[in-house]
Amino acid sequence: MEHRSRIATLVSPPALFLIVLFLLPIGFMALFSFRVGTFGETRNMFTLDHYRDFFANAPLLRLLWRSLLISFWVSIYSVVLAYPIAYYLVFQGGDRKLLLLTIIIVPAWVSYLLRVLAWKVILGSTGILASFIAWIGLDPRESAFLLYSSDAVTVTLVYVWIPFVALPIFAALERIDPHLLEAAADLGCTKFEAFLRVTLPLSLPGVVAGFLFVFIPTVGEYVTPALVGGTEGVMFGNLIQDQFLRGLNWPVGSLMSLAMLAIVLVPLVVFARFFKISDIAGV
């Protein structure tokens, strides 16, 4: 009985925090998605018209799909680039690995907005990248990844999220018992075969965690597309922001937010069927 009371005492504050700051706002958004009218003139009437209009709006659904694809590829690129970094730190970093890991994380301490603005300068028409392209004899205007494009959004987001992806992969690699690699070598495996058969499978929870760390927040990203994407790099989050702040259409904005939340939950459910939550969380 005393053990249960201690558990209840420890669990109650975070559970209350989750209910007040997460579940209740989602509940209010769900309620708002059925309301009639915009902000300031919302009446106590409910309708399903918002849902009908949303699922009948083909351009809006295409934008949602494109935003999901951008987030997916940003997550994939971030994992592919962060894995070698984490692998080197764990197996080659030696006593310097924590120092090197700190150096990698240090840029994340700088304001997110400043880092995005820095890439806006780099990708601009007079930036260092355009100057280099012109120097080698190519036309910068033909480079799709320069400023105000979906590729510019992808490049910037990958840069921003690589340190956060490296952390869970680093933690997963750190938990691998070195004796397993020694046993693989004793059984005749080359380093590459040991990586494929031992290291990579055991590090998959960290890879999954890194993927989700990127995919979940970038689906609703609106700051980066607004600064470096332009009209070609608009994402679903930009339209949600417009509904709440410019159009003052809170019911439609709430519906779009709920639709995005439901889609984000899909990979969580899928990965939960193959991995334990404790493994993904690194505990």
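The values are calculated or read from the model by the stated rules, or taken from the named source; none is laboratory data. Keep in mind it's a predicted model, so treat the numbers as computed, not measured. Cβ: placed from backbone, ideal geometry, glycine included. Neighbour counts: every protein chain shown.
Numbers below:
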item: Some residue of the range 154-167 being more than 30 Å from residue 231 (Cα to Cα) and of a type outside the set (Ser, Thr, Tyr); result: yes
item: Search result, residues across the range 53-81 that are free of Cβ contacts under 8 Å to residues at least 12 places away in the same chain and under 18 Å from residue 261 (Cα atoms); result: 55, 61, 62, 65, 69
item: Filter pass, residue 118 being touching a Gly at 6+ places or on another chain (Cβ under 8 Å), assigned to a helix (DSSP H, G or I) and surrounded by 13 or more Cβ atoms within 10 Å (Cβ to Cβ); result: no
item: Hits in the range 86-107 - residues which are among the hydrophobic types (A, V, I, L, M, F, W, C) and closer than 19 Å to residue 177 by Cα; result: 86, 89, 90, 91, 98
item: Pair list, Cβ under 6 Å, 6 or more apart: the range 222-245 residue touching a residue at least 60 places away in the same chain (Cβ under 8 Å) and within 20 Å of residue 114 (Cβ to Cβ), other residue part of a helix (DSSP H, G or I) and of a type in the set (D, E, K, R); result: 227/120; 228/120
item: Qualifying residue in the range 82-92 (condition: surrounded by 15 or more Cβ atoms within 10 Å (Cβ to Cβ), in a helix (DSSP H, G or I), in contact (Cβ under 8 Å) with a residue 24 or more places away in the chain and touching an Asp or Glu at 6+ places or on another chain (Cβ under 7 Å)); result: yes
item: Residue under evaluation residue 110, criteria (1) loosely packed, with under 11 Cβ neighbours inside 10 Å; (2) closer than 23 Å to residue 230 by Cα; (3) among the hydrophobic types (A, V, I, L, M, F, W, C), criterion not met; result: (2)
item: Criterion (under 18 Å from residue 72 (Cβ atoms) and out of contact with any strand residue (DSSP E or B) (no Cβ under 9 Å at 6 or more places or on another chain)) met by exactly one of 198, 270; result: 270
item: Residue within the range 223-239 that is among the hydroxyl-bearing types (Ser, Thr, Tyr), buried (at least 22 other Cβ atoms within 10 Å of the Cβ) and modelled with pLDDT under 90 present; result: no
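Table: residues versus (1) surrounded by fewer than 22 Cβ atoms within 10 Å (Cβ to Cβ); (2) under 30 Å from residue 117 (Cα atoms); (3) touching a residue at least 40 places away in the same chain (Cβ under 8 Å).
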| site | (1), (2), (3) |
| --- | --- |
| 146 | yes, yes, no |
| 149 | yes, yes, yes |
| 157 | no, yes, yes |
| 163 | yes, yes, yes |
| 166 | no, yes, yes |
| 172 | no, no, yes |
| 177 | yes, no, no |
| 182 | yes, no, no |
| 185 | yes, no, no |
